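Peer 1: Before I ask anything, here is the structure I am working with.
The values are calculated or read from the model by the stated rules, or taken from the named source; none is laboratory data. What you are looking at is a predicted structure, and each value in this text was computed from that prediction instead of being measured. Because the Cβ atoms are built from the backbone with ideal geometry, glycine has one as well, and the counts that use them run over all protein chains shown.
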Amino acid sequence: MVKFQSLKDAVAENLFDGDTVAFEGFTHLIPHAAAHEAIRQGRQDLTVIRMTPDLVYDQMIGMGMVKKLIFSYAGNPGVGLLRRMRDAVENQWPKKIELEEHSHAAMANAYEAGAAGLPCAIFRGYKGAGLKDVNANIREVTCPFTGEVLAAVPAVKPDVTFIHAQKANKRGDVLIEGIIGVQKEAVLAAKRAVVTVEEIVDNFDDVHHNACVLPRWTVTSICEVPGGAHPSYAHGYYTRDNAAYLDWDKIASDRDVFAAWMQKNVIDANPEVFADRIATLREAK
Amino acid sequence: MDLDFTPNEMMTIAAARALSNDDICFVGIGAPSAACNVARLTHAPDITLIYESGTIGTAPDILPLSIGDGELCDTAVTTVSVPEMFRYWLQGGRVTVGFLGAAQLDKFGNINTTVIGDYDNPSIRLPGGGGAPEIASSCGEIFITMKQTKRGMVEAIDFFTSFGHGAGGNAREKLGITTKGPSLLITDLAVWKPDLETREFTVTSLHPGVTLDRVQETCGWMVKCSADVETTVRPTELELTTLRDLQARTDAAHSGAAA
């Protein structure tokens with residue numbers, strides 16, 4: 001049954017060296033606080049999965065925690081490239097990483113297959129695309145009814161998924177609103193799921209019948225971490241810190257500047273600092 | 001007002017004109033996003049704009065910095081999950097136009113946003129394809145917009161992120177792709193359309209004041225030009241005002257967030 005606990009304990013109990021882990025969030029509700037806790041606890045040899053690895057995976061790759069990255073778009077949204085990831089791919093710094101690269105359609109289908117308990121996802125895609133030649137996990141199946149050749153990729157099944165959401169209620173149900181991305185599928189595809197939330201409320205009596213709610217028995221652990229998505233945003237709570245994304249491009253472009261920034265803002269910090277980081281970004285209620 | 005305009009403004013406005021009120025358009029970030037919203041704010045108020053973050057029928061007041069800004073969700077008809085976006089809406093064949101940018105483009109509309117150099121040993125690791133591989137094959141047709149440079153418009157791309165017309169001719173058909181593929185390229189200098197036979201992009205219209213020599217100087221392949229090449233109609237006052245106001249609102253909002 002779901003546990004309410006500190007982020008420190010949730011990471012310690014659910015993320016282990018060598019795990020396959022997804023820190024999901026599609027440009028919204030990105031679980032920065034959880035990723036920073038994983039960095040502080042120094043997990044190693046991780047296979048990290050995400051459709052849009054951005055700053056958090058750039059940070060984890062730069063800290064040498066990542067063995068393999070499974071992804072479909074590795075950019076700093078609206079800004080440019082991921083400098084630490086580039087350094088790892090182009091110069092093997094701080095270490096070599098393995099890439100398994102897909103398209104968004106493939107990743108979204110693979111998460112859905114994971115949630116549906118299927119071994120693989122089937123979809124119409126990758127026609128003429130070069131990724132087929134560099135990724136052995138992109139294969140083809142023939143429809144037994146029509147003969148159409150379709151793309152197939154393995155289901156995504158993380159050992160643990162971390163997401164950030166707006167609310168949990170006291171029972172432990174979780175509400176995700178706005179751009180919901182692939183978080184529901186990422187939780188249901190995983191063996192364990194840790195959810196950081198902006199706040200814990202008494203009940204969901206005022207929530208719409210068709211809202212995106214994860215029942216409490218699908219979640220392993222809930223941690224209240226206000227601001228836990230910063231510099232991403234939490235719809236209805238605070239806006240995206242665009243300046244931080246622009247700054248990251250400069251920080252990540254130099255190994256020493258990166259190391260100093262990580263020491264000060266991650267290693268020597270704690271989950272409570274996130275509430276301060278969004279103080280000026282809060283939406284008027 | 002001053003009706004002088006920059007090549008970038010001409011590019012965005014020419015791209016906007018290509019969209020119609022009835023289009024269901026899958027919008028790439030950057031230049032395509034500006035063009036699609038100028039279309040919506042001028043001649044195509046009922047156009048449906050879709051961003052891959054799941055926002056359908058969005059009408060942002062400012063241009064988003066990322067494809068998942070809250071503004072897109074706030075103004076959308078509905079916001080769906082990303083798997084639903086790619087399965088029901090894109091793969092389901094509901095989208096008439098996909099609007100893409102490119103890091104590298106060849107004359108057949110094949111796009112590379114994955115790597116410069118060898119895949120396993122790249123000189124530059126780019127972000128990758130994101131939604132583009134399936135946008136390129138599932139949308140009814142594809143419009144591409146980019147600034148002309150010799151580095152960007154090349155004879156041979158380093159990686160086939162998304163398939164245009166392959167090596168030309170009926171390459172799409174041979175792969176079992178039933179959609180039209182790239183049917184329009186709008187640069188800062190010209191409008192290009194694929195030759196009906198070879199599918200090679202051919203200049204059909206030069207922007208005001210632009211010579212064919214200038215187009216060739218900033219393009220890595222031998223430029224072909226249609227027999228009856230036209231001059232692109234200059235931006236109207238409404239088009240320019242709409243674009244500049246949109247940019248000004250966008251700049252103000254984003255620098256406000258940075259302060």
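Peer 1: Being outside any helix (DSSP H, G or I), more than 13 Å from chain A (Cβ to nearest Cβ), over 14 Å from residue B:142 (Cβ atoms) and within 15 Å of the chain's Cα centre (by Cα) is the filter here, so list the residues in segment B:15-49 that pass it.
Peer 2: B:20, B:49
Peer 1: Give just the number: which of (1) in a strand (DSSP E or B); (2) out of contact with any strand residue (DSSP E or B) (no Cβ under 8 Å at 6 or more places or on another chain) does residue A:99 not satisfy?
Peer 2: (2)
Peer 1: Looking at segment A:39-46, can you tell me whether even one residue there is within 14 Å of chain B (Cβ to nearest Cβ) and at pLDDT 95 or above?
Peer 2: Step one: list which residues in segment A:39-46 are within 14 Å of chain B (Cβ to nearest Cβ), which gives none.
No, because not a single residue in segment A:39-46 is within 14 Å of chain B (Cβ to nearest Cβ) and at pLDDT 95 or above.
Peer 1: Any residue at all in segment A:204-223 that is at pLDDT 95 or above and on the phi > 0 side of the Ramachandran plot?
Peer 2: Scanning segment A:204-223, I find no residue that is at pLDDT 95 or above and on the phi > 0 side of the Ramachandran plot, so the answer is no.
Peer 1: Of the conditions (1) hydrophobic (A, V, I, L, M, F, W, C); (2) free of Cβ contacts under 8 Å to residues at least 60 places away in the same chain; (3) within 11 Å of chain A (Cβ to nearest Cβ), residue B:65 fails just one. Which one is it?
Peer 2: Just one mismatch for residue B:65, condition (2).
Peer 1: Separate question: Give segment A:72-104 a look and list any residue that's in contact (Cβ under 8 Å) with a residue 60 or more places away in the chain, closer than 23 Å to residue B:28 by Cβ and charged (D, E, K, R), or say none.
Peer 2: Within segment A:72-104, A:83 is the sole residue that qualifies.
Peer 1: Being in contact (Cβ under 8 Å) with a residue 12 or more places away in the chain and more than 10 Å from chain B (Cβ to nearest Cβ) is the filter; apply it to segment A:239-254 and report the residue that is farthest from residue A:199 (Cα to Cα).
Peer 2: Of everything passing the filter in segment A:239-254, A:253 is farthest from residue A:199 (Cα to Cα).
Peer 1: Among what's in segment A:55-71 and is buried (at least 24 other Cβ atoms within 10 Å of the Cβ) and in contact (Cβ under 8 Å) with a residue 60 or more places away in the chain, pick the residue that is farthest from the chain's Cα centre (by Cα).
Peer 2: Ranking the qualifying residues of segment A:55-71, first place goes to A:62.
Peer 1: Sticking with this one: Here is a list of conditions, (1) closer than 25 Å to residue A:175 by Cβ; (2) of a type in the set (A, V, I, L, M); (3) at the interface with chain B (Cβ under 7 Å from one of its Cβ atoms), and residue A:105 meets all of them except one; can you say which number that is?
Peer 2: The number of the failed condition is (1).
Peer 1: Restricting to segment A:102-122, give me the number of residues that are in a strand (DSSP E or B) and buried (at least 24 other Cβ atoms within 10 Å of the Cβ). Spell out the reasoning first.
Peer 2: Going residue by residue through segment A:102-122, those that are in a strand (DSSP E or B) are A:120-122.
Filter again for buried (at least 24 other Cβ atoms within 10 Å of the Cβ), leaving A:121.
Number of matching residues: 1.
Peer 1: Looking at (1) β-branched (Val, Ile, Thr); (2) more than 10 Å from chain B (Cβ to nearest Cβ); (3) not in a strand (DSSP E or B), find the lone condition where residue A:89 falls short.
Peer 2: All conditions are met except number (2).
Peer 1: Still on this structure: Just to be sure, is residue B:67 crowded, with 24+ Cβ neighbours inside 10 Å and modelled with pLDDT under 95?
Peer 2: Considered against the rule, which asks whether it is crowded, with 24+ Cβ neighbours inside 10 Å and modelled with pLDDT under 95, residue B:67 comes out as yes.
Peer 1: Does residue B:99 fit the bill of being outside any loop (DSSP other than H, G, I, E, B), surrounded by 20 or more Cβ atoms within 10 Å (Cβ to Cβ), aromatic (Phe, Trp, Tyr) and at the interface with chain A (Cβ under 7 Å from one of its Cβ atoms)?
Peer 2: On the way: outside any loop (DSSP other than H, G, I, E, B): yes; surrounded by 20 or more Cβ atoms within 10 Å (Cβ to Cβ): yes; aromatic (Phe, Trp, Tyr): yes; at the interface with chain A (Cβ under 7 Å from one of its Cβ atoms): no.
When the stated conditions are applied, residue B:99 does not pass them.
Peer 1: In addition: Quick test of your reading of the structure: residue B:56 fulfils all but one of (1) under 30 Å from residue B:202 (Cα atoms); (2) surrounded by fewer than 23 Cβ atoms within 10 Å (Cβ to Cβ); (3) within 14 Å of chain A (Cβ to nearest Cβ); (4) touching a strand residue (DSSP E or B) at 6+ places or on another chain (Cβ under 6 Å). Name the failing condition by number.
Peer 2: So residue B:56 meets the others, but not (1).
Peer 1: Looking at segment A:187-225 only, could you name the residues that are touching a Pro at 6+ places or on another chain (Cβ under 8 Å) and crowded, with 23+ Cβ neighbours inside 10 Å? Write out each step before concluding.
Peer 2: Filtering segment A:187-225 for residues touching a Pro at 6+ places or on another chain (Cβ under 8 Å) gives A:189-191, A:196, A:198-199, A:223, A:225.
Of everything in segment A:187-225, those that are touching a Pro at 6+ places or on another chain (Cβ under 8 Å) and crowded, with 23+ Cβ neighbours inside 10 Å turn out to be A:189, A:190, A:196, A:198, A:223, A:225.
Peer 1: Quick one: is residue B:38 out of contact with any Ser or Thr (no Cβ under 6 Å at 6 or more places or on another chain) and touching a residue at least 24 places away in the same chain (Cβ under 8 Å)?
Peer 2: Working: out of contact with any Ser or Thr (no Cβ under 6 Å at 6 or more places or on another chain): no; touching a residue at least 24 places away in the same chain (Cβ under 8 Å): yes.
In short, no.
Peer 1: Does residue A:130 satisfy being within 11 Å of another protein chain (Cβ to nearest Cβ), crowded, with 21+ Cβ neighbours inside 10 Å and either free of Cβ contacts under 8 Å to residues at least 40 places away in the same chain or over 24 Å from residue B:69 (Cβ atoms) (or both)? Reasoning before the result, please.
Peer 2: Values: within 11 Å of another protein chain (Cβ to nearest Cβ): yes; crowded, with 21+ Cβ neighbours inside 10 Å: yes; either free of Cβ contacts under 8 Å to residues at least 40 places away in the same chain or over 24 Å from residue B:69 (Cβ atoms) (or both): yes.
Against the criterion (within 11 Å of another protein chain (Cβ to nearest Cβ), crowded, with 21+ Cβ neighbours inside 10 Å and either free of Cβ contacts under 8 Å to residues at least 40 places away in the same chain or over 24 Å from residue B:69 (Cβ atoms) (or both)), residue A:130 qualifies.
Peer 1: Only residues that are outside any loop (DSSP other than H, G, I, E, B), among the charged types (D, E, K, R) and over 18 Å from residue A:28 (Cα atoms): list them for segment B:80-94, please. Break it down into steps so the answer makes sense when it comes.
Peer 2: Keep residues of segment B:80-94 that are outside any loop (DSSP other than H, G, I, E, B), which gives B:82-91.
Now narrow it down to the ones that are among the charged types (D, E, K, R): B:84, B:87.
Scanning segment B:80-94 gives a single hit, B:87.
Peer 1: In the set A:12, A:22, which member is in the same structural domain as residue A:190 (by TED's automatic domain parsing), buried (at least 22 other Cβ atoms within 10 Å of the Cβ) and either touching a residue at least 24 places away in the same chain (Cβ under 8 Å) or in a strand (DSSP E or B) (or both)? Walk me through how you get there before you give the answer.
Peer 2: Details: A:12 fails: buried (at least 22 other Cβ atoms within 10 Å of the Cβ).
Criteria check complete, one pass: A:22.
Peer 1: Turning to a different aspect of this structure: Just to be sure before I move on: is residue B:127 under 27 Å from residue A:90 (Cα atoms), at the interface with chain A (Cβ under 9 Å from one of its Cβ atoms), part of a loop (DSSP other than H, G, I, E, B) and in contact (Cβ under 8 Å) with a residue 12 or more places away in the chain in the structure I sent? Spell out how you get there, then give the answer.
Peer 2: Numbers: under 27 Å from residue A:90 (Cα atoms): yes; at the interface with chain A (Cβ under 9 Å from one of its Cβ atoms): yes; part of a loop (DSSP other than H, G, I, E, B): yes; in contact (Cβ under 8 Å) with a residue 12 or more places away in the chain: yes.
For residue B:127, the condition - under 27 Å from residue A:90 (Cα atoms), at the interface with chain A (Cβ under 9 Å from one of its Cβ atoms), part of a loop (DSSP other than H, G, I, E, B) and in contact (Cβ under 8 Å) with a residue 12 or more places away in the chain - is met.
Peer 1: For segment A:108-127, which residues satisfy the criterion of being closer than 30 Å to residue B:156 by Cβ and more than 8 Å from chain B (Cβ to nearest Cβ)?
Peer 2: Just the residues of segment A:108-127 that are closer than 30 Å to residue B:156 by Cβ, to begin with: A:123-127.
Correct list: empty.
Peer 1: Could you check, for segment A:222-233, whether at least one of its residues is over 16 Å from the mean Cα position of the chain (by Cα), within 14 Å of chain B (Cβ to nearest Cβ) and among the hydroxyl-bearing types (Ser, Thr, Tyr)?
Peer 2: No.
Peer 1: State the number of residues belonging to segment A:133-142 that are aliphatic (A, V, I, L, M) and more than 11 Å from chain B (Cβ to nearest Cβ).
Peer 2: Of segment A:133-142, the ones aliphatic (A, V, I, L, M) are A:134, A:136, A:138, A:141.
Narrowing further to those that are more than 11 Å from chain B (Cβ to nearest Cβ): A:136, A:141.
Residues that pass the stated criteria total 2.
Peer 1: State whether the residues of segment B:164-182 include one that is of a type outside the set (Phe, Trp, Tyr), in contact with a strand residue (DSSP E or B) (Cβ under 9 Å, 6 or more places away or on another chain) and more than 30 Å from residue A:143 (Cα to Cα).
Peer 2: no
Peer 1: Here is a further query. For segment A:114-130, check the following and say yes or no: at least one residue is under 16 Å from the mean Cα position of the chain (by Cα) and closer than 23 Å to residue A:37 by Cβ.
Peer 2: no
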